[in-house]
Amino acid sequence: QVQLVESGGGLVQAGGSLRLSCAASGIRFSINTMGWYRQAPGKQREPVALITSGGNTRYTDAVKGRFTISRDNARSTVYLQMNSLKPEDTALYYCNREYLGARDWGQGTQVTVSS
């Protein structure tokens, strides 16, 4: 079955950096669009960044210039490099894969940014 396992979350001070990883199994990783979403307490889950099978990327405005999504097809892993973190980036971050309408989610990794 499909498994998406996130790692790399933690507690960091404002201005700091974290790198999230999501290791995928059970799918042909290279053909999937991979994405990162986040959900803060009391808020809806929102998209953060995505990367297509061709390597095209998109970011939500709030993270442009600070976050970078990348993928390593040989390792079936997608990354989210987060720099200049702000307290408002605090959330549970989820990995997502999508291919022709089929979607799966990871269990999430917590990112907490202190001021």
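The values are calculated or read from the model by the stated rules, or taken from the named source; none is laboratory data. Bear in mind the structure is a predicted one, so any value in this text is a computation, not a measurement. Every residue, glycine among them, receives a Cβ derived from its backbone with ideal geometry; neighbour counts consider all protein chains shown. Only protein heavy atoms, including side chains, enter the accessible area calculation; ligands, DNA and RNA are left aside. Shrake-Rupley method; radii C 1.70, N 1.55, O 1.52, S 1.80 Å.
One table, with the values for the structure above:
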read-out: Test set (1) in contact (Cβ under 8 Å) with a residue 60 or more places away in the chain; (2) closer than 14 Å to CYS22 by Cα - LEU50 fails condition number; value: (1)
read-out: Residues of the range 1-17 classified as hydrophobic (A, V, I, L, M, F, W, C) and open to solvent by 30 Å² or more (accessible area, probe 1.4 Å), total; value: 4
